[in-house]
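Structure first, commentary second.
Coordinate-derived values only; no laboratory data. These figures come from a predicted structure and were not determined experimentally. When we count neighbours, we look across all protein chains shown, and the Cβ atoms used for this are built from the backbone with ideal geometry, even at glycine.
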Amino acid sequence: MSEVLVVVEATREFGVKKVTCEMLTLARELGTPSAVVLGGAGAAEALSARLGEYGAEKIYAAEGEEIDGYLVAPKATVVADLVRRVQPAAVLLASSQEGKEIAARLAVKLDNGILTDVVALAADGTATQVAFAGSTVVKSRVTRGLPLVTVRPNSVTPTPAAVTPTVERLEVSLTDADKLARVVDRVAEQKGSRPELTEAGVVVSGGRGVGNADNFKLVEELADLLGGAVGASRAAVDSGFYPHQFQVGQTGKTVSPQLYVALGISGAIQHRAGMQTSKTIVAVNKDGEAPIFELADFGVVGDLFKIVPQAAEEIRKRK
Amino acid sequence: MNIVVLVKQVPDSGADRNLRTDDNTVDRGSANNVINEMDEYAIEEALKIKEAHGGEVTILTMGPDRATESIRKALSMGPDKAVHVVDDALHGSCAVATSKVLAAALGQLNADLVLCGSESTDGRVQVLPHMLAERLGIAALTGARKLTVDGSTLTVERQTEEGYEVVTASTPAVVSVWDTINEPRYPSFKGIMAAKKKPVQTLSLADLGVAAGEVGLDGATSTVLEHSKRPPRSAGVKVTDEGSGGTQLVEFLATEKFV
């Protein structure tokens with residue numbers, strides 16, 4: 001079977017991201033998965049156990065300041081060289097900002113079609129995408145070149161299939177054009193131990209109804225009890241209650257968790273665009289006419305400052 | 001500084017949006033068409049840079065005839081002029097072909113800085129800035145929540161999952177922005193009147209030296225095989241809190257095995 005390249009997404013703090021395990025699981029259906037690690041020195045060693053656990057037969061590693069010190073372009077150059085050499089059956093990347101950007105450069109370098117936000121990929125290259133805020137399902141395929149797709153987090157159930165990967169170091173030969181955008185600093189912002197928003201199985205979000213930044217502690221508390229991530233509506237972010245990187249909606253993140261809890265969110269189309277493919281939705285809002293209730297599998301009309309603490313207490317009791 | 005802002009006309013994301021049944025392209029006929037919201041932040045950023053450093057701001061749009069409405073709307077915010085790439089052969093172009101056309105147009109405009117929104121609200125594909133940078137051999141600073149211009153040096157704060165990166169490059173460069181970067185101005189009455197007289201140059205594929213077969217549905221690098229509407233979600237149980245709403249909520253979560 002031919003190789004399927006999976007470009008690894010990982011974080012400095014937590015290692016291999018769940019979407020990478022999803023891509024490896026998907027790649028096993030299409031051929032023999034090879035993981036491509038692009039990062040700082042030591043990245044491949046730190047990630048290899050996890051990549052092997054999900055079936056990466058081979059790990060290609062390009063590491064160091066040259067890869068890590070510039071934005072996107074060096075990574076695309078390395079992957080393009082690899083694609084030309086090994087002629088894989090498909091290339092999978094995460095549908096994150098950086099995953100899409102690497103894919104964008106690959107498409108131009110290889111004069112190859114590209115499909116983003118893919119939720120399923122058949123062996124014949126037919127991809128399933130969701131469009132227009134989850135309202136439309138599209139079947140599509142690349143018609144020039146190989147299937148170059150970015151995979152949306154929470155699309156595939158990651159299943160382990162342990163192997164011991166072989167590691168191949170890649171020669172990195174960059175041009176000046178790859179080094180035009182230099183990363184001079186990386187600054188970590190509040191995050192704590194919660195799962196990443198787009199990957200979390202449970203997301204608890206707060207909206208304008210939460211009232212102020214301090215009250216978001218209530219949202220965080222419920223998220224922590226459910227082992228979930230915290231999200232926020234645009235109204236809450238615009239009001240300064242919570243940082244922008246946690247915004248769910250048309251102009252923020254798209255999430256598709258098993259459980260989505262909407263607290264004090266009316267459910268404007270802007271917000272629904274980012275969460276309506278969630279499997280189960282529950283909502284608490286004081287306005288019984290709020291459109292969020294049209295989506296909710298379970299809704300409680302009432303004061304979230306009474307309902308949420310009571311729910312938190314009930315969960316603690318049951319634990 | 002010579003600044004070009006990419007502006008796309010999209011179906012209003014607040015309305016029902018569809019793909020056409022005949023050729024599977026975005027239905028622009030039935031929906032209300034507006035400026036891609038994220039592009040308004042790019043226009044605002046361009047105007048702020050011009051106000052601080054001088055220069056000229058040009059709107060660049062690729063789209064059908066009716067995109068003229070969005071171009072005038074963009075100009076009413078304050079840019080100096082616009083270039084509209086319009087050609088029947090462009091209908092159904094994929095991202096790869098679109099980047100080829102826009103790169104050809106940018107090649108004629110000598111921009112120091114190309115500004116655009118981080119994504120469009122219709123496709124949400126996010127690939128254009130890096131495709132353009134790749135084709136033009138210039139830097140791409142994408143996902144900016146802050147942009148600083150110091151002579152020919154550009155520095156952005158790029159939002160990431162874990163925080164932000166500080167990324168720097170020299171002009172010429174492509175910079176894409178998120179909606180946290182500024183608050184776009186509303187067009188004034190004077191601005192709206194002035195926009196009617198601002199020059200809008202139209203360019204065809206022939207003007208850009210791009211062959212019709214390289215773009216449109218025939219030249220597309222990917223194709224839509226079929227599409228369907230997902231059934232809308234149906235509302236479930238709604239209870240009014242009479243003192244035990246929180247407990248009822250947890251009972252529901254327990255039956256669904258989340259607790």
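Kindly give Rg over Rh for the range B:2-214, based on alpha-carbon atoms, with the Kirkwood expression for the hydrodynamic radius.
0.94
By a straight-distance test (C-alpha under 21 Å), which lysines pair with A:Lys306 as possible cross-link partners, with residues fewer than eight away in the same chain excluded?
Straight-line reach from A:Lys306, under 21 Å: A:Lys217, A:Lys286, A:Lys317, A:Lys319, B:Lys238.
Got a sec? Charge dipole of the range B:139-221, +1 on Cβ for Lys and Arg, -1 for Asp and Glu; which of B:Thr202, B:Val166, B:Gly216 is way out at the positive end?
Of B:Thr202, B:Val166, B:Gly216, it is B:Thr202.
Considering the options A:Ala90, B:Ala111, A:Gly264, tell which one lies farthest towards the positive end of the dipole of the protein assembly as shown, charges being +1 on Lys and Arg and -1 on Asp and Glu at the Cβ, about the Cα centre.
Working it through, the farthest residue towards the positive pole turns out to be A:Gly264.
Say the dipole of the range B:2-214 comes from +1 at the beta carbon of Lys and Arg and -1 at that of Asp and Glu; which of B:Met193, B:Val7, B:Ala52 then lies farthest toward its positive end?
Checking the options against the dipole of the range B:2-214, the answer is B:Met193.
Would you mind finding the longest exposed-site-free stretch of chain B, with exposed trypsin sites (Lys or Arg not before Pro) meaning DSSP loop and at most 11 other Cβ atoms within 10 Å?
B:1-195
What is the dipole size for the range A:202-318, taken about its Cα centre, with +1 at each Lys and Arg Cβ and -1 at each Asp and Glu Cβ, in debye to the nearest 20?
180 debye
Loop-only check: which GluC sites (Glu not before Pro) in the range A:166-218 are DSSP coil with at most 16 other Cβ within 10 angstrom?
Passing sites in the range A:166-218 are A:Glu171, A:Glu189.
In bins 10 Å wide, starting from 0, what share of all Cα pairs of the range B:42-110 does each bin hold, as a percent?
Reading the bins upward from 0: 19, 45, 31, 5.
Looking only at chain A, where both bridge partners belong to it, what percent of the DSSP beta bridges are antiparallel (to the nearest 5)?
20 percent
Taking neighbour counts of Cβ atoms within 10 Å as a proxy for exposure, in what order, fewest first, do A:Tyr60, A:Tyr70 appear?
A:Tyr70, A:Tyr60
Would you mind working out the magnitude of the charge dipole of chain A relative to its Cα centre, with +1 at each Lys and Arg C-beta and -1 at each Asp and Glu C-beta, to the nearest 20 Debye?
The dipole magnitude comes to about 460 debye.
Show me, for the range A:128-144, the HN-Hα J-couplings you get by feeding each phi into the Karplus relation (A = 6.51, B = -1.76, C = 1.60, θ = phi - 60°), rounded to Hz, glycine and proline as x.
Whole-Hz 3J(HN,Hα) from phi for the range A:128-144: 10, 10, 10, 10, 6, 6, x, 7, 10, 10, 10, 9, 8, 8, 6, 10, 10.
Using a cut-off of 17 Å between alpha-carbon atoms, which aspartates and glutamates can reach B:Lys73, once sequence neighbours fewer than 8 places away in the same chain are excluded?
In chain and number order, the partners are B:Asp12, B:Glu37, B:Asp39, B:Glu40, B:Glu44, B:Glu45, B:Asp65, B:Glu183.
Output the direction-averaged projected area (hull surface divided by four) of the convex hull of the alpha-carbon atoms of the range A:166-319, in nm².
Computing the convex hull of the Cα atoms and averaging its projections yields 13.2 nm².
Which semi-axes, in whole Å and largest first, does the equivalent ellipsoid of the range A:3-179 have when worked out from the alpha carbon gyration tensor as the square roots of 5 times its eigenvalues?
Gyration-tensor ellipsoid for the range A:3-179: 23, 19, 15 Å.
Nearest 5 is fine: what % of DSSP beta bridges in the protein assembly as shown come out antiparallel, could you say?
Of the beta bridges lying entirely in the protein assembly as shown, close to 35 percent run antiparallel.
Enumerate the helices in chain B for which the Kyte-Doolittle hydropathy averages 0.5 or more and the C-alpha atoms extend at least 18 Å along the helix's axis, using complete DSSP H runs.
Qualifying helices: B:95-109.
Please work out the C-alpha center-to-center distance from the range B:93-157 to the range B:1-58 and express it in whole Å.
13 Å
Percent of Cα-Cα pairs per 10 Å bin, from 0 to the last occupied bin, for the range A:31-74, please list those.
In order of increasing distance, the bins hold 30, 47, 22, 1 percent.
Relative to the longest principal axis of the C-alpha atoms of chain A, give the angle of the C-alpha long axis of helix A:73-86, reported between 0 and 90° and rounded to the nearest 10°.
The angle comes out at about 50 degrees.
Per-residue mean of other chain beta-carbon atoms within 10 angstrom of the beta-carbon, peptide A:130-138?
Per residue, the number of nearby Cβ atoms from other chains is 6 on average.
Taking every pair of distinct Cα atoms and averaging 1/r, then inverting, what Kirkwood hydrodynamic radius in Å comes out for chain A?
20.7 Å
For the protein assembly as shown, what is the largest minus smallest coordinate of the Cα atoms on each principal axis, given in angstrom and ordered from greatest to least?
Sorted from largest, the Cα extents of the protein assembly as shown read 70, 65, 49 Å.
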